[in-house]
Structures are given as structure tokens and as C-alpha cells.
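Everything below concerns the one structure shown next.
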Amino acid sequence: MLRTFIFDYSKSHWVEEQHSLLMNDICIILDEERERIYLWKGPKSTKRRYSEGYKNLKDLITSFPKMDLQLILVNKNFPLEIQKKLNSMLEKEGPRNLLFSRLITIRIYLIFLLGVIAIPLISLLNLSTSLFWPLSNGINEIDNKTFDLWISTSEILTLIAIIFFAVNIIIGIVELENQVITFSTAGLIINIGLFIYYTFNIYLFRFQSGSTLTIYLILKSEILFFVFINITLVLIFEIPNIYKLLSFLKSYRKFIF
């Protein structure tokens, strides 16, 4: 029987894993029948990770006191049975689907991906509060302080989203993940456009007769159009990124939790 263990670099110990390998993993294949241990180093793994894994092999070996285990170090030409096991673990969720090769980028990307999904939605929620402003004869009435807070809140949220998308683009470049780069670039461009759009502030709307320096009168139809434009633009990048989140969790959940 073959058993496989992957070295958890963050916790400095070996963890049994039977299904998935990343290209930067260090893996042990235990052949219980022949009492042999094969040490496999992923092509994207670092010398430091390999060295740490090798140092901690003693703890793994001592957990099988009834076996006289022989450690075999090879870079290639594993026995056929061992090679098949490695191939099956890589093929199921390996280089074709698991494009991320670093545990740290997997976790950072998840955090920022959640951010680029949540932050624009919060901004839309903020902008949608305008639908509840006092209304009379098809005209909304709003004081200048509330209006400034309304616009500036979405400006700040959009700026944060821009930073998050920029980080995701860097992660996509580091991991050579084209989908991440494409979706994040689209989000970055749209959010930069929205940020510039918000900077027009009071010039976004045509104030109606009777407006003062402290009270603004704005057509309800203009507010509705403004909110509609924002929802449309946000959905252009939100839908692909939500899809990416679902597929990402499906592929990498074992490496996240």
C-alpha cells in the first residue's frame, strides 16, 4: 500500500494527503510493503522548502516504529508504481487546473478576491441610498453635507478596490494565471473610470431651480440613471470575479482551510 505525505512548510511538519499535489510541494511516498520512503520535490519547489522537509523526515519516520524504513532520494526515474501515484495526484487537480504554485499567494489572492467582490457591492449599496432621499414632484432634495458624504464614500471604496485589483494583477503575473490577470485588469480599468467619474462631484447632476449652496434639488430620473450606470459597470467585472471565486474555492479549498 502506498501512502503519501506533503510537507506543510508553514507548520514545519508532514501531513498525509492522498489526492492533490501542487508543483511547489515536497512529497513523501511511503511504500509500506517494501518499507521504503521516496522523497519527491516539485519542479517549482525551493531548496529551502526541500531542506526543511528533509530535516523533519526523522519525525515522520519515527511515527512508524515497526518498520525498518529505507529512504530513497531520486529526482526522476521513480519505480513505475510510485510514478503513477505521483501522476494521478498531479493530474486530478494538478498543473492543468492548479495554476497557483505557492500557498502564500493562494491565501493572499483569496483575501483580495473577496475584497474586490465585496467592496464594489458596498459602494453600490451606498449609492442606492439616494433612492430613499426625500422626493417631491419627481425631484429629490438633499443637503450638501449628505451629498458630499455620499459621493466621497464611494470614491474611497473605489480607490480601495483599485488597490486590491492591482495586487491581484501582480499575483496573476507572479503565478502566470491569465484568468486572474484578465479579470483583475478589467476590474481595475472600470474602477479607475468610476473613480474619475465620482470626482466630478456636484457636476454629476443638473441641479434644478430652487437649489442653494446647502440644499440640492436633483431630478429623480437622473439619480436612477446614475445608479443604473454604476450597477451595469460593476456587474461587468463582478460576475467574472464571482465565477473565479467559486472555481478558486473548488480547486484550492484543501490548501486554504
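The values are calculated or read from the model by the stated rules, or taken from the named source; none is laboratory data. The structure presented is a predicted model; accordingly, all values stated were derived computationally and were not measured. With ideal geometry, Cβ positions are generated from the backbone for all residues, glycine too; neighbour counts draw on all protein chains shown.
Can we say L30 is at pLDDT below 80 and crowded, with 17+ Cβ neighbours inside 10 Å?
When the stated conditions are applied, L30 does not pass them.
Could we say that L110 is in a helix (DSSP H, G or I) and either under 29 Å from S247 (Cβ atoms) or of a type in the set (F, W, Y) (or both) here?
yes
If you check L217, L204, which single one turns out to be under 17 Å from F147 (Cα atoms) and buried (at least 17 other Cβ atoms within 10 Å of the Cβ)?
Going through L217, L204 in turn, just one is under 17 Å from F147 (Cα atoms) and buried (at least 17 other Cβ atoms within 10 Å of the Cβ): L217.
Give the stretch 171-191 a look and list any residue that's surrounded by fewer than 16 Cβ atoms within 10 Å (Cβ to Cβ) and either of a type in the set (V, I, T) or farther than 17 Å from L110 by Cβ (or both), or say none.
I173, V174, L176, N178, T182, A186, I189
Filter the stretch 220-257 down to residues that are of a type in the set (S, T, N, Q) and farther than 25 Å from I151 by Cβ and give me whichever is modelled with the lowest pLDDT.
Step by step, filter the stretch 220-257, then rank; the result is S251.
Would you check which residues across the stretch 17-40 are more than 14 Å from N56 (Cβ to Cβ) and in a strand (DSSP E or B) and list them?
Those that are more than 14 Å from N56 (Cβ to Cβ) and in a strand (DSSP E or B): I29, L30, D31, R36, Y38, W40.
Identify the residue in the stretch 1-16 that is touching a residue at least 12 places away in the same chain (Cβ under 8 Å) and assigned to a loop (DSSP other than H, G, I, E, B) and, among all such residues, is nearest to S88 (Cα to Cα).
Selected residue: M1.
Looking for something acidic (D, E) and either farther than 30 Å from I170 by Cβ or in the same structural domain as I181 (by TED's automatic domain parsing) (or both) - is there at least one such residue anywhere in the stretch 46-54?
Checked the stretch 46-54: no residue is acidic (D, E) and either farther than 30 Å from I170 by Cβ or in the same structural domain as I181 (by TED's automatic domain parsing) (or both).
Which of the residues spanning the stretch 104-143 are farther than 24 Å from I239 by Cβ and more than 24 Å from the chain's Cα centre (by Cα)?
Within the stretch 104-143, F132, W133, P134, L135, S136, N137, G138, I139, N140, E141, I142, D143 meet the criteria.
Within the stretch 11-31, track down each residue that is of a type in the set (A, V, I, L, M) and in contact with a Lys or Arg (Cβ under 7 Å, 6 or more places away or on another chain).
The answer is M23, I26, I29, L30.
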